[in-house]
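Participant: Take a look at the following structure, please.
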Amino acid sequence: AEVQDLRLQHLVVWAKHFLDDVDIANRQYLDQIAQRLVESRQHEKAFDYSAGIRTLSQIPESMRDVVIGGDEETVTQALTRLSQKQQEIRSTERKIKISLKTRSFDKLLPEVEKFLKLDPTRVDMLRLREQLITRSLKLEEVRDECYGAAEKAFAIQDYSGCLELLNKIDPSMDDADTLLLKINASDAIEKVQRMDRQISLAVEAKQFDGLLMLVDQYLALRSNDEQRKQLRQLLLQRNSDQKLKVVENGNKFVGFLQRVDFANSIEYLKRVAKTFCAARISILWKSADGQATGSQKFYAIAKIVGIILLMCIGLAFVIGLNGVAYRTEKQASIEEALRRKDYEAVLDIDPRNEQALAMRNNQVSMTKREETEEKRIFAKNDLVNKGDHNDRRRIWSNQSYNSRIEWVVNDSWREVENLTGVTRWHFRELSRTDEYLELQLIERSQTIRFYPDKAEVLNNGKWEWISNGKWESQ
């Protein structure tokens, strides 16, 4: 309708074009916002986040959440993204400056790489990255050189020299090989020192019984120790002399016994007992020694004679033959087989040996328990087909470090040194497949997989070789 009031006639033209003018102004303002967004992105591409933020800050807050044309990002979203990048680059630069000030270079290169992704135009950061890469290459070269020399030092049993070389490697360059060699060298030093103290104390106290085995274990780790080599020869000679003394005293015992000379036969029987089994015989001997007459004393020691004959002299004394040496050798074979826990060899020599019979019974019971536990593990891990319990992987021979990883019970495993028989590490079984068996090294919280020809350790998300070996056939 036309305006009739003459007082409003001057507004007629303005009112007619008002809505069009508002629409034109709005489109022009939206075009300015779109232009600001394009300009801010150009600043972002040039890694000038501050300029991009300044450009978008000129837009009133009331218009920052308006969607412009086909652009899905609003001004608020763009400002948030640019502010986050600016904050991240400032934070990263502060960390880099602190690391440079404290000379903490180990984890500096990843921070520099992170900074350059946000701003690759910084010449100082580009130069710093090149310096860090050069440093890393030099440290790797030092590591490889020191590790090779340390392996040679370990091979010639120079464990201190091996450890000294490994300590020259920068901690940031340590890998599974260097750490394992460092552990082995430290363990060898500790064992050598401990066994050396034990040997010295035994020699000082003149306790030579059983010392030869300890000396052999020591020489397996320190074969160039001339003093211990001489001690070993003396111990071997001592053992030989003892055997000869037993033979000599045994012959005299038989001679006096044949002449019914009880006093002298008892005397030489005492000497035999003192040499090999004095601790057990002396108690019975005191009881027999209280008998009044020689004949009574002789019959009283009949049980002692039987014990001595069974333990160290042999049946030759019973029949009066010159067979003491044979019995001594037979007893030594029994003792050696018992140390090896080879009850079958003992029973071949002495079918009534109580210790061997007990070992056999325990072995049968243990085998049944092992089979039961083995089936339980297979069922627990769901790693074998139903009813299939033929996985006999129980011993993995570590050819690189002369040890073996062997199953103990349930999901427990251990690593044992072949030379000394000492347990080095303890493991817990995690899983097994046809290809590998996966264990957790409890002391170091590491995961290791044992394959038919090698072992690998999980290091920073990657499986790395640590040694060669194989599964022993069962």
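Participant: Can you tell me how much longer the chain between Asp434 and Leu201 gets when fully stretched, taken as 0.36 nm per residue apart minus their C-alpha distance, in nm with one decimal?
Facilitator: Details: separation 233, 0.36 × 233 = 83.88 nm, distance 5.05 nm.
So the extension gain works out to 78.8 nm.
Participant: Sticking with this one: Could you sort 401-412, 459-470 so that the peptide with the highest average Cβ count within 10 Å comes first and the rest follow in order?
Facilitator: Numbers: 401-412: 16.8, 459-470: 13.5.
Going from most to least packed, we get 401-412, 459-470.
Participant: Still on this structure, please answer the following. How big is the gap, in Å, between the Cα center of the stretch 400-422 and the Cα center of the stretch 175-195?
Facilitator: If you average the Cα positions of each part, the centres end up 16 Å apart.
Participant: How would you order 426-432, 95-101 from highest to lowest mean count of nearby Cβ atoms within 10 Å?
Facilitator: Details: 426-432: 16.6, 95-101: 13.1.
My ranking of the peptides, most packed first, is 426-432, 95-101.
Participant: Then there is this: How would you order 446-458, 168-180 from highest to lowest mean count of nearby Cβ atoms within 10 Å? Walk me through the numbers on the way to the answer.
Facilitator: Values: 446-458: 17.6, 168-180: 16.0.
Per-residue Cβ counts within 10 Å, averaged per peptide and sorted highest first, yield 446-458, 168-180.
Participant: Which FRET efficiency value, to the nearest 0.05, is calculated for Asp106 and Leu30 with the Förster distance at 60 angstrom and r the Cβ-Cβ distance?
Facilitator: It comes out at approximately 0.70.
Participant: Same structure, new question: Suppose we keep just the alpha-carbon trace of the stretch 126-197; what are its Rg and Dmax in angstrom?
Facilitator: Final numbers for Rg and Dmax: 15.0, 57 Å.
Participant: While we're here: Jot down the per residue volume, in cubic angstrom and as a whole number, of the convex hull over the alpha-carbon atoms of the stretch 187-253.
Facilitator: Numbers: hull volume 5.2 nm³, N = 67.
Normalising the Cα hull of the stretch 187-253 by residue number yields 77 Å³.
Participant: Right, something else. Apply the Debye scattering formula to the stretch 141-180, with a single equal point scatterer on each alpha-carbon and no solvent, then give log10 I(q)/I(0) at q = 0.16, 0.18, 0.29, 0.35 Å⁻¹.
Facilitator: Evaluating at q = 0.16, 0.18, 0.29, 0.35 Å⁻¹ gives log10 I(q)/I(0) of -0.31, -0.39, -0.97, -1.27.
Participant: Mind jotting down the distance between the C-alpha centroids of the stretch 106-165 and the stretch 33-102, whole Å?
Facilitator: Cα centres, the stretch 33-102 to the stretch 106-165: 37 Å.
Participant: Bin width 10 Å, alpha-carbon pairs only: give the P(r) of the stretch 147-264 as whole percents, running from 0 to the bin holding the largest distance.
Facilitator: Result, from short to long distances: 12, 29, 20, 17, 10, 6, 5, 2, 0 percent.
Participant: Now, a different point. Under the rule of at least 5 residues apart or a separate chain, name every residue whose amide H is placed under 5 Å from the amide H of Ser403.
Facilitator: Amide H to amide H, under 5 Å and 5 or more residues apart or across chains, Ser403 pairs with Asn398, Asn418.
Participant: Here's something else I'd like to know. Taking θ as phi - 60°, what are the ³J(HN,Hα) couplings along the stretch 195-212 by the Karplus curve (6.51, -1.76, 1.60), each to the nearest whole Hz, with x for Gly and Pro?
Facilitator: 5, 5, 5, 4, 5, 4, 5, 5, 5, 5, 8, 6, 9, 8, 5, x, 6, 4
Participant: Suppose each label sits 7 Å from its Cα in the direction of the beta carbon; what would the Ser62-Val142 distance come out to in nanometres?
Facilitator: Modelled inter-label distance: 6.6 nm.
Participant: Per q in 0.25, 0.26, 0.34 1/Å, what log10 I(q)/I(0) does a Debye calculation on the alpha-carbon atoms of the stretch 158-202 return?
Facilitator: -0.83, -0.87, -1.15
Participant: Calculate one ³J(HN,Hα) per residue across the stretch 106-123 by plugging θ = phi - 60° into the Karplus curve 6.51 cos²θ - 1.76 cosθ + 1.60, and present them in order as whole Hz with x for glycine and proline.
Facilitator: So the Karplus estimates, Gly and Pro as x, are 4, 10, 7, 4, x, 5, 5, 4, 5, 5, 5, 5, 7, 8, x, 8, 6, 5 Hz.
Participant: Please state, rounded to one decimal and in Å, the Kirkwood hydrodynamic radius that the stretch 406-474 gives when every pair of distinct Cα atoms enters the mean of 1/r. Write out the running numbers ahead of the final one.
Facilitator: Values: mean 1/r = 0.0792 Å⁻¹.
Over the stretch 406-474, the inverse of the mean reciprocal pair distance is 12.6 Å.
Participant: Past the 21 angstrom mark, what percentage of all C-alpha to C-alpha distances in the stretch 100-163 do you count?
Facilitator: Values: 906 of 2016 pairs.
Cα-Cα pairs of the stretch 100-163 separated by over 21 Å account for 45 percent.
Participant: Show me, for the stretch 450-460, the HN-Hα J-couplings you get by feeding each phi into the Karplus relation (A = 6.51, B = -1.76, C = 1.60, θ = phi - 60°), rounded to Hz, glycine and proline as x.
Facilitator: Karplus-based 3J(HN,Hα) across the stretch 450-460 equals 10, 9, x, 10, 7, 10, 10, 10, 7, 10, 6 Hz.
Participant: Any chance you could list the semi-axes, whole Å, largest first, of the equivalent ellipsoid that the Cα gyration tensor gives for the stretch 35-77, using √(5λ)?
Facilitator: Details: eigenvalues 61, 29, 10 Å².
That gives 17, 12, 7 Å for the three semi-axes.
Participant: In Å, the Kirkwood hydrodynamic radius of the stretch 393-442 over pairs of distinct alpha carbons?
Facilitator: Numbers: mean 1/r = 0.0899 Å⁻¹.
Kirkwood radius, the stretch 393-442: 11.1 Å.
All of the numbers you see were taken from the coordinates with simple rules; none came from a lab. Here the structure is a predicted model, which is why all the values come from computation and not from measurement. Virtual Cβ from ideal backbone geometry, glycine too; neighbours counted across all protein chains shown.
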